[in-house]
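The values are calculated or read from the model by the stated rules, or taken from the named source; none is laboratory data. The structure presented is a predicted model; accordingly, all values stated were derived computationally and were not measured. Using ideal geometry, Cβ is built from the backbone for each residue, glycine included, and neighbour counts are taken over all protein chains shown. When the accessible area is computed, the model is the full protein with side chains, heavy atoms only, and any ligands, DNA or RNA have been set aside. Shrake-Rupley method; radii C 1.70, N 1.55, O 1.52, S 1.80 Å.
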Amino acid sequence: MFKFDWKRLSMAAGLSLTLIAAGCGSDEGGETSGSEGEGSSGEANYSEEMNYEITGIEAGAGVVAAAQTATEEYENLAGWEVATSSSGAMATALGEAIENEEPIAVTGWTPHWMFAKYDLKYLEDPKEVFGGEEQIKTMVRQGLEDEKPNAYKLLDQFSWTPADMEKVMLNITDGAEPAEAAKTWIEENEDKVSEWTDGVEDVDGTEVELVYVNWDSEIASTNVVAEVMKQKGFDVTITPLDNGPMWESVAEGEVTGMVAAWLPATHGDLYEQHKDSLEDLGANLEGAKVGLVVPKYMDVDSIEDLQPAE
Ligand code: PBE
């Protein structure tokens, strides 16, 4: 009981401090934040408020590795850390920061439902540490075409757009079970799905195992592909792994494949390591992107606008 009261008290105190700070800086723009002696937009405060910390996701994610590289490549990120957790924890932290209008910088990516729910922007990345436009590609184990030609054909023909993926992601974040969200999207997109299944024969319980990572985008894609395969008669298992093991399990032929390869930059190292031991079936989605994402109310445009730790 005591603990709870203290927590509420300190939260209220913190909130009023934030309000006072916001009140000071907002009406006359840069001129009033001169005490920082830095820049004109007041962004010098953000970095300190963020504890010089980027809010990351799973440690194995490519975007986390890129964020760590950014802290080394950008001199103004000296002393910054990338905090790792999970995609879900990152989304919660982002939602809470936005509710309190606090600064936050997350390792973000597109397609993602966060852009539909919140007003967000990518920070410019003049050193191109996060790469440019990405594709999401499908990788399968070697020999699949001969052993399970219908599974191979369907996985090869799977292809959709960022808008398609976002629709499934939004439905899941609004509370739908991933398999249900997948079924709903399939019902609403019969034409697209019939292109994936074109020439694919119905099978009777052929086993397929798809691996993925619990990133919101890959939960969506993997569930949709799994559901389409089930409807063709496959016995489908979907297995969440970390990023490295996801790639290894396909390369070692332990599983059928995955639809979660972000290239050329995000998973570039993993691709180089495994490309001779798996089969690359090409892009299933064009126009993906990763980078540092902040709420639009933050008056920063570039990674270079952030301030080094003292
Ligand atoms: N992501 C989503 C992954 C790829 C898909 C951007 C979080 C990553 O960074 O590895």
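Segment Asp204..Ala59, full-extension length gain: 48.3 nm, with 0.36 nm per residue of separation and the alpha-carbon distance subtracted.
What you get for segment 167-245, charging only the Cβ of Lys and Arg (+1) and of Asp and Glu (-1), is a dipole of about 180 debye around the Cα centre. Close Lys pairs in segment 134-288, defined as Cα atoms under 26 Å apart and 8 or more places apart or on different chains, number 28.
Shown for segment 261-310: the carbon plus sulfur share of the solvent-accessible area, taken with all protein chains present and a 1.4 angstrom probe, equals 42%.
Quote the convex hull volume per residue of segment 134-288, based on C-alpha atoms, as a whole number of Å³.
It is 96 Å³ per residue.
Excluding Gln157 itself, calculate the net charge of residues whose Cβ lies under 9 Å from the Cβ of Gln157, where each Lys or Arg counts +1 and each Asp or Glu counts -1. Once positives and negatives cancel, what remains is -2.
Counted over the chain, the DSSP beta bridges are approximately 60% antiparallel.
Were the residues from Glu254 through Ala78 laid out at 0.36 nm apart, the gain over their Cα-Cα distance would be 59.2 nm.
Summing +1 for each Lys or Arg and -1 for each Asp or Glu among the other residues whose beta-carbon sits under 12 angstrom from that of Thr84 gives -4.
Taking the Cα atoms of segment 219-310, the ratio Rg/Rh between the radius of gyration and the Kirkwood radius comes to 1.11. Within the shell of other residues whose beta carbon sits under 14 angstrom from the beta carbon of Trp113, the net charge comes to -4, with Lys and Arg scored +1 and Asp and Glu -1.
Take each of the peptides 77-87, 268-278, average the number of other beta-carbon atoms within 10 Å over its residues, and list them starting from the highest.
In decreasing order of mean packing, 77-87, 268-278 become 77-87, 268-278.
For the chain, complete DSSP H runs whose alpha carbons reach 30 Å or more along their own long axis and whose mean Kyte-Doolittle score is -1.0 or higher are 2-26.
Fully extending the segment from Thr69 to Gln273, taken as 0.36 nm per residue of separation minus the present Cα-Cα distance, adds 71.5 nm. Dipole magnitude for the chain: computed about the Cα centre from +1 point charges on Lys and Arg Cβ and -1 point charges on Asp and Glu Cβ, it is near 700 debye.
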